[in-house]
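One structure is given below, encoded as structure tokens.
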Amino acid sequence: MRLVISLLLAIGLVFFAAGPNTAMAGQEWQLYNEAESMEKAGDLEGAMTLWESLVEAMAAIGEDEAAGFCAQKLGRALDKQGRYAEAVKYFKLEAGFWNKLPGHDGWSLYDTRRAEEIRPEIQVFVEEDATEAPGPALAKHEPAWGTLLGAAVAGDPAIGYGNLDQIPSVYGRNYASLLVYVNEWNTYPDETFLRIAKEDGYSLQVAWEPSYGLSAVEDNDYLRSFAGILQDYGLPVFLRFAAEMNGDWTPWSGNPELYIEKFRLVAGVMRQEAPNVAMVWSPGYYPEEKVDAYYPGDRWVDWVGINAYSDYYFNGLPDSPASTATVNYQGINANPLRKFKAIYDRYSPSKPIMISETGVAWANRYPFVDVSEWGAANLERFYSYLPLIYPRIKAVYYFNFDISNKGREFPCPSHYLISGNKEMLRAYRQATASPWYLEDWSQTSPVYYCLPPDNNLPPGAKSLVSYVNTGNGVSRVEYYFNGNMIGSAGAPPWNLNFSFDQAGPGTLEVRAYDKYGNLGATRVLDLPGNCDNQSPGELLTGDQAVSEILPISVMLDGAVLDFDVDPIEMEGRVLVPVRAILEALGVQVDWEEATRTVVARKGSNVLRLQIDNLVPALNGSPLPPLDVPARVVNGRTMVPVRFISENYGAKVGWDGDARTVIISSSD
């Protein structure tokens, strides 16, 4: 990396020597080198001060690549200091600079993924009655609300094929569905297992793998007889055909056109012979960029699955770089839920999603390393948060398989068996006690989780849960109403039971503390509000998800503007200091104290906006009203961003994760 940076510096210096901004460019690069010298000498604070100024300065002279390097260096320094919200801001700026440059694909990938790990975040959900709530349009075997609990049991010494009645006593809840593998082509599911599972009323997920490659998949007697066996089962069957096709480790990968042809062939036969079968198309979460090419089409897919595991070490290798683990959503800092987001966002609007196969490590295999504390915490996070942020994940199958006697050739890098570790078993029983998790395929959850819009709580709220991340673990979450503590929770999803209908108007503050007991994130919500017209569990981002953690920034033509009063949020809108921005756009700004009116002049046009008035006027004629009026905050006039974009031809964007308003002038 140092060689690359040095080369870039050399190229940049040559370029600027021939250009019109030689003096300015030389000054900026001199400061860049000075910051690097400070860093080497141990003066990190001095270097950070220079990097902060250089992010704006490099962007202002068109050096977006260098601006990205400065943002990266500053973000990583802030990350090391535990200043996570600020680090996230600069990681997002880094990505913004580099993603728009040709030939920079992947440059910001590590820092973008790291930002996802450390970003302070609180989202508060209201538990609502689902008995009369309309759910999404249902696919085959999809419950209206809730997630089918499932697992592989054949390799679980606590259960096995013959002890299915022991599942509730071991795991606290029964399974709604069982996972069975058919790993060899021209073979069938175990007859004894099918008979026992059918007698006990379980639905099935059948993982069917064309081990000899796709060329062996034909419409023949074997395929038709396989379909007949599934039809005879009589209960719902989810057929996961040729999963993880986007990875080069399966013999059915590498040819998307052939894969689609064979998937459609199997789906067609199942619909003719076994109408109780739902076809599951299940890529691995990685490599993400190859997923879409293998999609057979909505007509042929009933459910979309995701295969993903959470390991303490990437590929079981303690010496693997932390950056490699982060990029692959693995490692000590991994969020077990993030790896599902890309596929979920892409396909859940049209298809129910299942976690077809997953596991959370409680020990590394070779060498053996006990990581049960980490595993239990992440298992609890996984099952506790999944109903909140991924409400259309309607089935989860855990890889409960004892691999202690398997050799090194067995592909799993970790131990996942829940019954093999008491901490994992405790975490699983606690997290899956939620009524959202279903013990029978015919059930539906009596509750769902609503994310109130516009930062408001509905007055009838009685039960709240929260999705929380501080970047450094969570030890407890406290709830305050009008300044008084009304509840505290020590485990996800951080439940609060409180009758807000008796509380009257006010504000709810949520405080999350990291694993060391330090305040890591806060969130403030208003009462009253409502849950009407809100998609249950819709995942918010940016300003909606974080409060009082990350200040709002404004970038104008690539330069970060400096204000003596920070931008604010009001009623879901961002208000910015009008004078600083308009003057940067070449607009003359005056203030009429008598009428409390901002007067903006550019050329022959005069625009007037009175404080607390929604309607601006251009040359004496009223304009369409704003969503929120202008305000005076700490002696500065604040106006909605829309006022600037609609009246001065500027293009305005919003980076919710970085909480940054991005303005591009029309000049």
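See the values below:
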quantity	calculated
Exposure proxy order (Cβ contacts within 10 Å, fewest to most) of MET270, MET555, MET485, MET58	MET485, MET555, MET270, MET58
Whole-number percent relative contact order across the range 146-443, with pairs defined as alpha carbons under 8 Å at least 6 apart	22 percent
Likely footprinting exposure, TYR312, TYR648, TYR222, fewest C-beta neighbours within 10 Å first	TYR222, TYR648, TYR312
Distance between the range 152-200 and the range 410-424 - C-alpha centres, whole angstrom	18 Å
Kirkwood Rh, angstrom, the range 553-664 [1 / mean 1/r, Cα pairs]	14.1 Å
DSSP-defined antiparallel bridges as percent of all bridges, the chain, nearest 5	60 percent
Fewest-first ranking of TRP249, TRP591, TRP145, TRP300, using other Cβ atoms within 10 Å as the exposure measure	TRP249, TRP591, TRP300, TRP145
Alpha carbon Rg of the range 448-531, scaled by the compact-globule rule 2.2 N^0.38 Å	1.05
MRE, 222 nm, helices only [DSSP H, n ≥ 4, -39500 (n - 2.57), over the chain, to nearest 500]	-9000 deg cm²/dmol
Gain on full stretching of the segment that runs from GLN443 to ASP200 - 0.36 nm per residue minus C-alpha separation	85.9 nm
Charge context of GLY483, other residues only, Cβ under 13 angstrom, K/R +1, D/E -1	-1
Mean Kyte hydropathy of 1.6 or more with a Cα span along the axis of at least 15 Å, helices from DSSP in the chain	2-18
For the range 146-443, the spread of Cα positions along each principal axis, largest first, Å	49, 41, 39
Those lysines that a straight Cα-Cα span of less than 16 Å connects to LYS351, excepting residues fewer than 8 apart in one chain	LYS140, LYS341, LYS394
Pairwise centroid distance, computed over Cα atoms, of the range 576-604 with the range 440-511, Å	43 Å
Residue-count net charge about ASN276 - beta-carbon cut-off 13 Å; Lys, Arg +1, Asp, Glu -1	0
Segments 109-120, 332-343 sorted - mean Cβ within 10 Å per residue, highest first	109-120, 332-343
FRET efficiency for ALA216 and LEU614, using Cβ-Cβ distance with R0 set to 60 Å, rounded to 0.05	0.30
Kirkwood estimate for the range 354-478, i.e. one over the average of 1/r between Cα atoms, Å	16.7 Å
Beta bridges by DSSP in the range 146-443, antiparallel share as percent, to the nearest 5	10 percent
Residue pairs, from the table LYS339/LYS515; LYS462/LYS651; LYS92/LYS422, whose Cα atoms sit over 31 Å apart	LYS462/LYS651; LYS92/LYS422
Distance (nanometres) between label positions extended 7 Å along Cα→Cβ at SER621 and ARG338	5.1 nm
Principal axis dimensions, largest first and in whole angstrom, of the range 49-203 by Cα	72, 45, 33
Summed side-chain charge close to LEU258 - residues other than LEU258 whose Cβ falls under 14 Å, Lys, Arg +1, Asp, Glu -1	-1
25 °C / 0.890 mPa s Stokes-Einstein diffusion coefficient of the range 38-135, Kirkwood radius on C-alpha pairs, µm²/s	163 µm²/s
Size descriptor, Kirkwood hydrodynamic radius, that averages inverse alpha-carbon separations across the chain, Å	27.8 Å
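Just so you know, all these numbers are worked out from the coordinates, no wet-lab data involved. Bear in mind the structure is a predicted one, so any value in this text is a computation, not a measurement. With ideal geometry, Cβ positions are generated from the backbone for all residues, glycine too; neighbour counts draw on all protein chains shown.
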